[in-house]
Amino acid sequence: MLTAIIDYESGNLHSAEKAFQRMAREVDGGTVVVTSDAETVARADRLVLPGDGAFPACAAELRGHKGIYDAMVEAVEAKGRPFLGICVGMQLMATTGHEYEETPGLDWVAGDVEKITPADTALKVPHMGWNDLVIDQSHPVLEGIATGDHAYFVHSYQFHVAKPAERIAHVDYGGDVTAIIGRDTMLGMQFHPEKSQAVGLRMIGNFLTWRP
């Protein structure tokens, strides 16, 4: 089993690589590589798309790496390979992003990415730090995870899902903020599982053994 963490020059991948490799050893989850090679992406059994920065810049970088982009889309859409988007990698799964300018996403999970606007104006944006998860839907990758477990967030934009059934979990930050999205073989996490200690590592291990 091969898990490919996609390197499209939009994020520091070191901590993600270490966390996924650690959990692969613990759960017998195969090999984890960070790669910018389209052939490796094409033959991977699982794909992870991280992302740090602004939605338009990350979208442009991803599409600019045409070989990687095409291989990823074919693997997920045509072959049904398990996919995990992290932070902006999750947001790119949306129909449209509205950060700075309207930018098309992958449209894998219908919805829009818009600026966080907490009802409590004392709450600062970006939403940064630990927050308690509220589980909305059961999912194999959340085995052993419960409402009240916390994860580490750093983001100023949030994913508004079009279909409530595709919001797997949220947090309260002056209103509901989507934390996990998913459908079919696709999953996205707004927080950083690799920085979320035991809770995040458990999710990573579950993803590495998930067989949808």
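The values are calculated or read from the model by the stated rules, or taken from the named source; none is laboratory data. Owing to the predicted nature of the structure, the values given are computational and were not obtained by experimental measurement. A quick note on method: Cβ atoms are made from the backbone with ideal geometry, for glycine too, and the neighbour counts reach across all protein chains shown. Side chains included, ligands, DNA and RNA excluded: accessible areas come from the protein's heavy atoms. Shrake-Rupley method; radii C 1.70, N 1.55, O 1.52, S 1.80 Å.
Residues in the range 72-86 that are part of a loop (DSSP other than H, G, I, E, B) and open to solvent by 50 Å² or more (accessible area, probe 1.4 Å): Lys79, Arg81. Take the residues in the range 8-62 that are at pLDDT below 95 and charged (D, E, K, R); name whichever of them is most open to solvent (accessible area, probe 1.4 Å). Here the answer is Glu9. Look through the range 87-110, keep the residues that are among the β-branched types (Val, Ile, Thr) and not in a loop (DSSP other than H, G, I, E, B), and return whichever of them is farthest from Ala151 (Cα to Cα). Top of the filtered list is Thr103.
Out of Arg202, Arg211, which single residue is open to solvent by 70 Å² or more (accessible area, probe 1.4 Å), part of a helix (DSSP H, G or I) and not aromatic (Phe, Trp, Tyr)?
Details: Arg211 fails: part of a helix (DSSP H, G or I).
Selected residue: Arg202, the only one of Arg202, Arg211 that is open to solvent by 70 Å² or more (accessible area, probe 1.4 Å), part of a helix (DSSP H, G or I) and not aromatic (Phe, Trp, Tyr).
Among the numbered conditions (1) surrounded by fewer than 24 Cβ atoms within 10 Å (Cβ to Cβ); (2) of a type outside the set (Val, Ile, Thr); (3) more than 16 Å from Ala16 (Cβ to Cβ), the only one that Phe159 does not meet is (1).
Name the single residue that is farthest from the chain's Cα centre (by Cα) among those in the range 6-34 being in a helix (DSSP H, G or I) and without any contact (Cβ under 8 Å) to a residue 60 or more places away in the chain. Don't jump to the end; show me each part of the working.
If we filter the range 6-34 for residues that are in a helix (DSSP H, G or I), which is where we start, we get 14-27.
Then keep just the ones that are without any contact (Cβ under 8 Å) to a residue 60 or more places away in the chain; that gives 14, 17, 21, 25.
Details: His14: 16, Glu17: 14, Gln21: 17, Arg25: 21 Å.
Taking the candidates together, the pick is Arg25.
Tallying residues that are out of contact with any strand residue (DSSP E or B) (no Cβ under 6 Å at 6 or more places or on another chain) and either free of Cβ contacts under 8 Å to residues at least 40 places away in the same chain or of a type in the set (A, V, I, L, M, F, W, C) (or both) within the range 198-210 yields 6. Within the range 100-116, the set of residues being more than 19 Å from Asp176 (Cα to Cα), touching a strand residue (DSSP E or B) at 6+ places or on another chain (Cβ under 8 Å) and either surrounded by 15 or more Cβ atoms within 10 Å (Cβ to Cβ) or in contact (Cβ under 8 Å) with a residue 40 or more places away in the chain (or both) comprises Thr103, Pro104, Gly105, Trp108.
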